[in-house]
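Structure record follows, encoded as structure tokens.
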Amino acid sequence: MRNSDSKNAILPILLVFVMTLIVTACSEDTGEPEGTPEVRLERPSILLVTVDTTRADRLGIETDMIDTPHLKALAERGMYFDQAYSVTPTTLPSHTSMLTGLYPADHRVRENGRVVDKDLDLLQALLKARGYATAAFVSGFPLASQFGLSRGFDHYDDAFVSDAAERSAGATTGLALDWLEGKTDPHFMWVHYFDPHEPYEPPEPFLSQYPGNPYLGEIAYMDQQLGRLVLAFETQNQGRPWKIIVVGDHGEGLGEHGETLHGNLLYQGTMRVPLIVAGSGIVTGVSQQAVSVRQVFDTVLEWSGESRAGGLFGEETEPVLAEALKPYMQYGWQPQFMAVLDGIKVISSGDTEIYDVRIDPGETHNLDSEVEPDPVLWDAIEAYSNRALAEQTQKQQALSQEALDKLASLGYVGVSGSSRIRDDAPNPRDMAHLFHDMDIGAGLFIRQDYAAAIPVFIRILEADPYNFMAALRLAVAYSVTDEAIQAQKFFDRAKAIDASSIDLHHYQAMHYMKNEQWDLAQPLFESVLAESPDRLPALAGLAQAYTRQGEIKKAIGQLEKIVRIKDSPGLEWARIGQLRMTLHDTKGAIRAFEAARKMLGDQFTFHLELGILYMADKRLNESAISLDRVSSQHPAYATALFKRAQASVLLGEADRENRVRQAWLKADKTTRPMFENERLFQGMQFR
Ligand SMILES: [Zn+2]
């Protein structure tokens, strides 16, 4: 301790010394007279708070139906942006826009469950390079570090993901406050609150304070925790400059326009978000200018000392854009884009809607036939939609089943659909009556309640006959419930809608595998892997198809790909061991089983195989040890005793005759004849 303490004490002195050298050297180089170097303006510490699923019109700032004293106080001390818009009503893409300054078409993260490209500049990495300490505390699984937004943070706290899909604002705030303690140098801290996301389960007293409206209870609870956070941040930075920015990632439909949650439509409930900026040098007031959450990036960078255009306080007024492509990507419905400028909002989704959202925030009166909006809006939408539809979404990453389950538990079902506009593509707005069935069906499907899912998907297909997702899921549900003819019928339906979908190939291959049609399954798995080489269930399926067709070496090849990408692939190593045994590859089989034993520990059940292999490889001590580990419950326990007796004789153990006798007494119809011809046992009295 003492040692490192003294090192830490020396470091600042060294730095001052080095700085002095630099200053001296500079003034000598320039030939200017020595003097006090120019005092640089101190850079502010910055707190970014993102509030998930929080509607702007459900804060105490805009309505009396809820009390949010901390957010209200912050808005009164700073700038409140009345027309702030999300870029897309989904958590990961929206946050990616805040941290890259890019729209989804440009950062290419269109859905939860995707991974942010490594070549994108992230806000925190740029701040870190400018000397900021950086930390993030997130509360919902869509922002887990595995999805790539952790890059550039000194500390990224998503510790809850090991056992839950979300974390409460109280827990997250506690961790953030711990990190903040003692920080004096400029720091950038991002805190994400997830509480208002469904399920709505506020703690007391908020549950009782908002009877019948637990969504508001969650927001009120979050506000309380945000109050703690803001107070601690300001206290920690007393006497130094600081800035706070609070912003929503998207809102919640709450039944408006037929949408209960978020993600399917582009109306104000899910798209207009809270945005408050407060702190040193921030003017107070309310801004009516339309702004985008992506402008957080330029705003914060500018605060750090980098000259940027495009921040929230900039002069530029260009249309604010957004997309909602989930119905397009998953069901083949019309892609949806929007642009807002000066209170006029245009939604393009096969047809056009125009609203004056300042006087008609509920978007009840479509002005399409009455007004001609600024052509700038049209041009912006056209340019964006061309870019968005040309730039295909990222390839699906290989998510673990656990990760898929966690996303599903939050209502996200990330199976990619067909990604093309159907010939009959309906407008998502007109299909809102199906959102409920879609959510119910997807939930049942993910929970593997296939029998209950079947009638739901039948209902959806009756209303929307070319719904690829519904056809595919119905086929899978029939396959799993052993209705092979119905399954084939709906696989054919899905194929008629989009024959190129790799999800279709994957599930149809699984169906053929279930029915032991290995020759049909094999090429489908191969086509899936050609496009998505890390897809684990396809690798496993292809390995099995090869095995069952006698192509053992090819099967081993697939399993070896799995062990390279999967965490602790003990069972796959054991499978490789078994297959190498069938090829009489003794040493290869031993290596595979040893790897399996190491990973599986007490769960390893191949001690008999390994014992036999060691004996074949003349490693008698290891053979004896392995065979001693075979459980007496093992179906081939008699064989283990016989082999152990052989090892005992070969090793010359003192109790070898007793070993042989025990093996004889427990012999079964497999091992009994083996005693007759076993020369090792000749001359022994064991019968
Ligand atoms: Zn969200």
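The values are calculated or read from the model by the stated rules, or taken from the named source; none is laboratory data. Bear in mind that the values here come from a model prediction, so they are computed numbers and not experimental data. Neighbour counts are summed over all protein chains in view; Cβ atoms, including those assigned to glycine, are modelled from backbone coordinates with ideal geometry. Please note that ligands, DNA and RNA were not included when accessible areas were found on the heavy atoms of the full protein model with its side chains. Shrake-Rupley method; radii C 1.70, N 1.55, O 1.52, S 1.80 Å.
Observations on the model:
- Among the strands (runs of 3 or more DSSP E) confined to region 218-296, the ones with at least 3 residues that are surrounded by 18 or more Cβ atoms within 10 Å (Cβ to Cβ) are located at 242-248, 275-279.
- Identification of helices (runs of 4 or more DSSP H) wholly contained in region 490-568 with 2 or more residues that are among the aromatic types (F, W, Y) yields 502-514, 518-531.
- Filtering Q330, Q334 for residues that are over 20 Å from S280 (Cα atoms), open to solvent by 20 Å² or more (accessible area, probe 1.4 Å) and outside any strand (DSSP E or B) leaves a single hit, Q334.
The rows are residues; the columns are (1) out of contact with any strand residue (DSSP E or B) (no Cβ under 8 Å at 6 or more places or on another chain); (2) open to solvent by 40 Å² or more (accessible area, probe 1.4 Å); (3) within 16 Å of the ligand (Cβ to nearest atom); (4) assigned to a strand (DSSP E or B).
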| site | (1), (2), (3), (4) |
| --- | --- |
| P93 | yes, no, yes, no |
| S97 | no, no, yes, no |
| L102 | yes, yes, no, no |
| G152 | no, no, no, no |
| Y156 | no, no, no, yes |
| A176 | no, no, no, no |
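- Close pairs (7 angstrom Cβ cut-off, 6 or more residues apart or separate chains): in contact (Cβ under 8 Å) with a residue 40 or more places away in the chain and open to solvent by 50 Å² or more (accessible area, probe 1.4 Å) in region 183-200, part of a strand (DSSP E or B) and not charged (D, E, K, R) anywhere: K183/A133; D185/A133
- Among the residues of region 213-229, just one is within 16 Å of the ligand (Cβ to nearest atom) and charged (D, E, K, R), namely E218.
- Test result for A309, surrounded by fewer than 24 Cβ atoms within 10 Å (Cβ to Cβ), in a strand (DSSP E or B) and either away from the ligand (no atom under 16 Å from the Cβ) or free of Cβ contacts under 8 Å to residues at least 40 places away in the same chain (or both): no
- Considering V273, V277, the condition of being within 16 Å of the ligand (Cβ to nearest atom) and closer than 19 Å to V49 by Cβ is satisfied by V273 alone.
- If the condition is being within 16 Å of the ligand (Cβ to nearest atom) and out of contact with any helix residue (DSSP H, G or I) (no Cβ under 6 Å at 6 or more places or on another chain), then region 231-253 contributes V246, G248, E252.
- Taken over region 122-144, the criterion of being outside any helix (DSSP H, G or I) and away from the ligand (no atom under 16 Å from the Cβ) is satisfied by L122, R130, G131, Y132, A133, T134, A135.
- Counting only residues that are surrounded by 20 or more Cβ atoms within 10 Å (Cβ to Cβ) and among the acidic types (D, E), region 203-217 holds 0 of them.
- A540 vs. criteria within 26 Å of the chain's Cα centre (by Cα) and open to solvent by 30 Å² or more (accessible area, probe 1.4 Å): yes
- Residue, farthest from A220 (Cα to Cα), within region 61-79, restricted to residues that are in contact with an Asp or Glu (Cβ under 9 Å, 6 or more places away or on another chain) and open to solvent by less than 40 Å² (accessible area, probe 1.4 Å): T63
- Note on region 298-331: residues that are under 20 Å from A56 (Cβ atoms) and under 24 Å from the mean Cα position of the chain (by Cα) amount to 3.
- All of A521, A496 fail the test of being in contact (Cβ under 8 Å) with a residue 12 or more places away in the chain and of a type in the set (G, A, S), apart from A521.
- Any chance F147 is within 16 Å of the ligand (Cβ to nearest atom) and buried (at least 19 other Cβ atoms within 10 Å of the Cβ): yes
- Residue tally, condition within 15 Å of the ligand (Cβ to nearest atom) and open to solvent by 10 Å² or more (accessible area, probe 1.4 Å), over region 80-91: 1
Residue-wise test of (1) at pLDDT 90 or above; (2) of a type in the set (S, T, N, Q).
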{"position": "N366", "(1), (2)": "yes, yes"}
{"position": "P373", "(1), (2)": "no, no"}
{"position": "V376", "(1), (2)": "yes, no"}
{"position": "D379", "(1), (2)": "yes, no"}
{"position": "A383", "(1), (2)": "yes, no"}
{"position": "L389", "(1), (2)": "no, no"}
{"position": "Q396", "(1), (2)": "no, yes"}
{"position": "L404", "(1), (2)": "no, no"}
{"position": "L410", "(1), (2)": "no, no"}
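- The set of residues in region 670-687 being closer than 14 Å to L641 by Cβ and open to solvent by 80 Å² or more (accessible area, probe 1.4 Å) consists of T670, R672.
- Put simply, of I359, I421 the only residue that is over 20 Å from G253 (Cβ atoms), at pLDDT below 90 and open to solvent by 40 Å² or more (accessible area, probe 1.4 Å) is I421.
- Filter pass, Y210 being within 16 Å of the ligand (Cβ to nearest atom) and not small (G, A, S): no
- Flag if T639 is within 29 Å of L559 (Cβ to Cβ) and modelled with pLDDT under 95: no
- Filter result for D119 (over 17 Å from V273 (Cβ atoms), open to solvent by 10 Å² or more (accessible area, probe 1.4 Å), away from the ligand (no atom under 16 Å from the Cβ) and not in a loop (DSSP other than H, G, I, E, B)): no
- Matching residues in region 178-197 - criterion: being within 16 Å of the ligand (Cβ to nearest atom) and not in a loop (DSSP other than H, G, I, E, B): W190, V191, H192, Y193
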